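**Q** Have a look at this one.
The values are calculated or read from the model by the stated rules, or taken from the named source; none is laboratory data. Everything numeric in this text was worked out from a predicted model, so none of it was measured. So basically every Cβ, Gly included, is an ideal-geometry build from the backbone, and we count neighbours across all protein chains shown.
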Amino acid sequence: MKQRPTFPARMETSFVAPKPVPLAQVNQPEGLGMDSSAVRQRMVHKLMGQGVRDTQVLEAMSRVERHRFVDSALVNQAYEDTSLPIGLGQTISKPGVVSRMLELLRNGAPGKLGRVLEIGTGCGYQAAVLSHLATEVYSIERLRGLHEKARDNLRHLRLKGVHLLLGDGMLGYPSGAPYAAIIAAAGGQAIPQAWIDQLAVGGRLVAPVAMGMPPDGRRGAGSGAQALVVMDKTSQGVRQTVLETVHFVPLKSGLA
Ligand code: SAH
């Protein structure tokens, strides 16, 4: 008999863990008309296996159809834990990384987050996931081609409270500040001061940041090594935690 997969012992809300579906029974995504929920449930199960516990994040990941955000030639890979090209040299982040970052961003909050700023809209996938976790999502992209692609991708979903902005996210977006949370999908040399300024007291920022050059000089900015950084803003100042190594596209200034 096949062994049943183990479920995490702690399930805080009413989210019911989906049953894994054997691969043979899963309809592989073939086009936009497919019923992809079974494949997505498999993905969610894998995320749980990787240690994602936040039921709100898992539920949001199970709701958003990632295959609608990638090129038709890549639809078959849409639910694998891999980043995929979205044009203009950019990528949609791996589901594992998206869910990990969103879990950190939520930090176990009982309900939805308030206003959230996302830097790097890309194809709009993470903004769609965020829309289920926050009351307002301000997502900013510097590349016009991707900003427009995200707008097309999100139009038919009619998500509430998602604002897509074309601009340089290094400056944040002061009109929506202060933000309960800020998340970046591109990594720079440091966290821009504008983001820290626009974060609410009690808010949290999650971003990839280039690792500094160590004294032996073997690994530095040139290698593209980045670490995931969590910053908490308190009335006493900011507290920064450096977590695991990650690989994101570079944070660049200006519009293109
Ligand atoms: N969250 C996206 C991931 C896109 S990759 C998704 O779900 O698809 C990161 C994106 O950050 C790229 O599209 C890149 O153009 C954008 N980016 C890089 N620097 C930026 C900046 N300063 N302001 C806004 N967007 C930026």
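**Q** Please name all residue pairs, on different chains or six or more residues apart, with Cβ atoms under 6 Å, provided the first residue is in the range 36-58 and is in a helix (DSSP H, G or I) and the second residue is crowded, with 20+ Cβ neighbours inside 10 Å and β-branched (Val, Ile, Thr).
**A** 58/44
**Q** Additional query: Only one of 164, 159 is within 20 Å of residue 122 (Cα to Cα) and within 12 Å of the ligand (Cβ to nearest atom); which?
**A** The unique qualifying residue is 164.
**Q** Something else now. Being assigned by TED's automatic domain parsing to the domain that holds residue 171, modelled with pLDDT of 95 or more and on the phi > 0 side of the Ramachandran plot: is that true of residue 202 here?
**A** Yes: the conditions hold for residue 202.
**Q** Being part of a helix (DSSP H, G or I) and surrounded by 17 or more Cβ atoms within 10 Å (Cβ to Cβ) is the filter here, so list the residues in the range 155-193 that pass it.
**A** If the condition is that a residue be part of a helix (DSSP H, G or I) and surrounded by 17 or more Cβ atoms within 10 Å (Cβ to Cβ), then 169, 170, 176 are the ones that fit.
**Q** Quick check on the range 77-91: of everything there that is of a type in the set (Val, Ile, Thr) and within 12 Å of the ligand (Cβ to nearest atom), which residue is surrounded by the fewest Cβ atoms within 10 Å (Cβ to Cβ)?
**A** Once the filter is applied, the top-ranked residue is 91.
**Q** A further question follows. Kindly indicate the residue of the range 130-142 that is more than 8 Å from the ligand (Cβ to nearest atom) and among the β-branched types (Val, Ile, Thr) and also surrounded by the most Cβ atoms within 10 Å (Cβ to Cβ) among those meeting that condition.
**A** For the range 130-142, the residue satisfying everything is 137.
**Q** Inside the range 109-133, can you point out the residues that are part of a loop (DSSP other than H, G, I, E, B) and out of contact with any Leu (no Cβ under 8 Å at 6 or more places or on another chain)?
**A** Scanning the range 109-133 gives 109, 110, 111, 132.
**Q** Of the residues that sit in the range 109-129 and are within 16 Å of residue 176 (Cβ to Cβ) and surrounded by 24 or more Cβ atoms within 10 Å (Cβ to Cβ), which one is farthest from the ligand (Cβ to nearest atom)?
**A** 116
**Q** Let me ask something else about it. Could you tell me whether the range 144-159 includes any residue that is of a type outside the set (Phe, Trp, Tyr), in contact (Cβ under 8 Å) with a residue 60 or more places away in the chain and over 25 Å from residue 72 (Cα atoms)?
**A** No, every residue in the range 144-159 fails to be of a type outside the set (Phe, Trp, Tyr), in contact (Cβ under 8 Å) with a residue 60 or more places away in the chain and over 25 Å from residue 72 (Cα atoms).
**Q** Of everything in the range 227-252, what is in contact with a helix residue (DSSP H, G or I) (Cβ under 7 Å, 6 or more places away or on another chain) and farther than 21 Å from residue 179 by Cα? Give them in sequence order.
**A** The one that is in contact with a helix residue (DSSP H, G or I) (Cβ under 7 Å, 6 or more places away or on another chain) and farther than 21 Å from residue 179 by Cα: 246.
**Q** Tell me, yes or no, whether the range 92-108 has at least one residue that is more than 11 Å from the ligand (Cβ to nearest atom) and in a loop (DSSP other than H, G, I, E, B).
**A** yes
**Q** For the subset of the range 240-256 comprising residues that are in a loop (DSSP other than H, G, I, E, B) and not hydroxyl-bearing (Ser, Thr, Tyr), which member is nearest to residue 191 (Cα to Cα)?
**A** Result: 251.
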